[in-house]
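Please treat every number below as a calculation from the coordinates, not as lab data. Everything numeric in this text was worked out from a predicted model, so none of it was measured. Methodologically, a virtual Cβ is constructed for each residue, glycine included, from the backbone with ideal geometry; neighbour enumeration extends over all protein chains shown.
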Amino acid sequence: MTSELATWERKHYVAGGGDPMLFYVIFGQVKPSDPLSRSKYRTNGAPEGIGMMSYGPNKHPDVPGSFREGYVWEEFAAKDPELAATVQRCEHCMVVRGTPTDSTTLNYLRDSIGLITYLLDQGGCVVYDPFMLRWWSPSQWKEAIFEPAAAVPRHHTMILVSPEDDPSRKWFHTRGMLKFGRPDISVHNVAAEHEEGVIDLCNRLIEYQAFGNIVQDGQGVKMASLPPGGIIRHRGDMDDPDFNNCHLDISWPNG
């Protein structure tokens, strides 16, 4: 029963701001031999609005291979060749994807995490999260995502660091906030002395938004570790390949 599960509160929820979307790919031939235990996996099954599709040699056989190409796959294969080899051998995958009908709490995330953990225990061998460009072994997934038994938004998002044209500056940007129906974060031209402050800012905005708040366009940045005058602007759209999401662009008048 739903009442048996602890609610993942979205304590600062404000309506609007965008609809969450989830997208996970579980590789391996999943053959459920055990019933889905709601208490063990902390899930009521697939949330309303989230669908599951299975692909393999007899049903859209091209789908599993479509995730094993491009820059993200090449980077993953170079970083973790053993896990990548496991993925390469997989002929089957399941896609968990959709927009939950109710995002006033984070129960949709709780239920999806539990469902995916169950699928891993029933034959899945790897989870791919396209939104945060992350591949998870079962042990990594359980340690970081399932075992905390809480939303832990920073575990569902990633802060990426990219070089700027000026080699003394860096671009800090996030991926994964679409899971919460909120914009990702972008801070260009970060000097070395402000890197820690920008990372702290990104983490604060991740938590602030994930638990339901909405950042207003034109809101100022007031942090002792960063220069005064920072302004947050809403930019981009869902077709932006850097984020697959709209984003908050944070800049300072003096550059």
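Side notes on the structure shown:
- Taking Lys and Arg as +1 and Asp and Glu as -1, the other residues whose beta-carbon sits under 15 Å from that of Pro163 total -3.
- Glu207 versus Glu48: modelled label distance in nm, points set 7 Å from Cα along the beta carbon direction: 3.2
- Span from the segment 167-181 Cα centroid across to the segment 113-162 one, whole angstrom: 18
- Here the spin labels are modelled as points 7 Å beyond Cα on the Cα-Cβ line, and at Asp34 and Val152 they lie 2.0 nm apart.
- One Cα centroid belongs to segment 202-223, the other to segment 48-104; the line between them spans 31 Å.
- When the chain is described by a simple charge dipole with +1 on each Lys and Arg Cβ and -1 on each Asp and Glu Cβ, the residue from Met238, Ser37, Tyr128 located farthest towards its positive end is Ser37.
- Computed Kirkwood radius, in angstrom, where 1/r is averaged over Cα pairs of segment 2-150: 16.1
- For the chain, the longest principal axis of the Cα atoms and the long axis of helix 195-210 meet at an angle of about 60 degrees.
- For segment 145-184, the residues whose backbone nitrogen is under 17 Å from a point 7 Å from the Cα of Glu195, taken along Cα to Cβ, are 159-174.
- Subtracting the Cα-Cα distance of Val72 and Trp252 from their residue separation scaled by 0.36 nm leaves 61.7 nm.
- Peptides 189-198, 158-167, 52-61 ordered by packing proxy, namely the average of other Cβ atoms within 10 Å per residue, highest first: 189-198, 52-61, 158-167.
- Each distinct pair of alpha carbons in segment 155-251 adds a 1/r term; the inverse of their mean, the Kirkwood radius, is 13.5 Å.
- Members of Lys59/Lys79; Lys142/Lys170; Lys170/Lys222; Lys79/Lys222; Lys11/Lys31; Lys11/Lys179 lying beyond 28 Å, as alpha-carbon distances in this model show: Lys59/Lys79; Lys142/Lys170; Lys79/Lys222; Lys11/Lys31
- In this structure, Gln88 and Asp62 have a Cβ-Cβ separation that, at R0 = 25 Å, corresponds to a calculated FRET efficiency of about 0.95.
- When the helices of the chain are scored as -39500 (n - 2.57) per DSSP H run of n ≥ 4 and the total is divided over every residue, the value at 222 nm lands at -7000 deg cm²/dmol.
- Each of Glu164 and Asp237 was given a label point 7 Å from its Cα along the Cα-to-Cβ line. The distance between the two points is 2.7 nm.
- Estimated translational D of the chain in µm²/s (Stokes, Kirkwood radius over Cα pairs; 37 °C; 0.692 mPa s): 169
- The simple Förster model, with R0 at 25 Å and r as the Cβ-Cβ distance, assigns Ala144 and Asp80 a FRET efficiency of 0.95.
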